[in-house]
Amino acid sequence: DARLESSHKWIIKLANFFDRVKVGKSSKRTENKVHKTIKEVTEDIENFRYNIAIIKIRALLDIFEEEKEVSREDLEILLKLLHPVCPHITEECWNKLGNKSFISLEPWPKYNNKKINLELEYGEDLINKTIADIRYVINLIKIEKPKEIIIIVAQNWKYELLEEFKKQLNKSKN
């Protein structure tokens, strides 16, 4: 029952999002996430990992909700990715965007590798891990509202060393 209720709430969230979304220009971050999601969801569906594909599509909607505006093309891509799983609601949202054709007649989206920015991904991962670490420490030391958090950043040569180490590890795996 809980899973069914969760899915229902997400579908309502999707429909409400398309009622209020501001169509405009997507940020580089959003474009990066869209094309990365196309690539990964396509692979997941081809390999019958539907549950993983849905998780990634849901995450993409979360990214869209954080933005002030999203391009029409990116909104359409989200709907195309979701269409095999939720055809009725995607047709409704497709129509809300002003499309006269049926989404079921549209081609599957193709990702643009040039729009996938790994550096942006690494930066975002670093920020998310730092936030998670801070929350963990706050929870560990049982301080509800810290007055101040100081983050000490290592010198640049240490990052360069880490990057070189990763490259060498990927080459040899030893």
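Results, tabulated for the structure shown:
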read-out: Selected from ALA132, ILE116, CYS93, residue furthest toward positive end of dipole (region 33-174; charges at beta carbon); value: ALA132
read-out: Selection from PHE102, TYR159, THR42 lying farthest towards where the dipole of the chain points positive, charges on Cβ; value: TYR159
read-out: Packing-based ranking, highest mean first, of 163-171, 32-40, 57-65, 72-80 given that Cβ atoms within 10 Å are counted; value: 32-40, 72-80, 57-65, 163-171
read-out: Per residue accessible area in Å² of the chain, where ligands, DNA and RNA are left out and the probe is 1.4 Å; value: 75
read-out: Highest-first arrangement of 90-100, 112-122, where packing means the average Cβ count within 10 Å; value: 90-100, 112-122
read-out: Size of charge dipole - the chain - debye, nearest 20, with Cβ of Lys, Arg +1 and Asp, Glu -1, no other charges; value: 240
read-out: Share of carbon and sulfur in the accessible heavy-atom surface of the chain [1.4 Å probe, %]; value: 56
read-out: Shape of region 1-98, Cα gyration tensor, a/c cut at 1.5; value: oblate
read-out: Estimated [θ] at 222 nm from DSSP helical runs (n ≥ 4, -39500 (n - 2.57)) normalised by residues in the chain, nearest 500; value: -22500 deg cm²/dmol
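The values are calculated or read from the model by the stated rules, or taken from the named source; none is laboratory data. These figures come from a predicted structure and were not determined experimentally. Virtual Cβ from ideal backbone geometry, glycine too; neighbours counted across all protein chains shown. Protein only, heavy atoms only, side chains kept; ligands, DNA and RNA dropped before computing areas. Shrake-Rupley method; radii C 1.70, N 1.55, O 1.52, S 1.80 Å.
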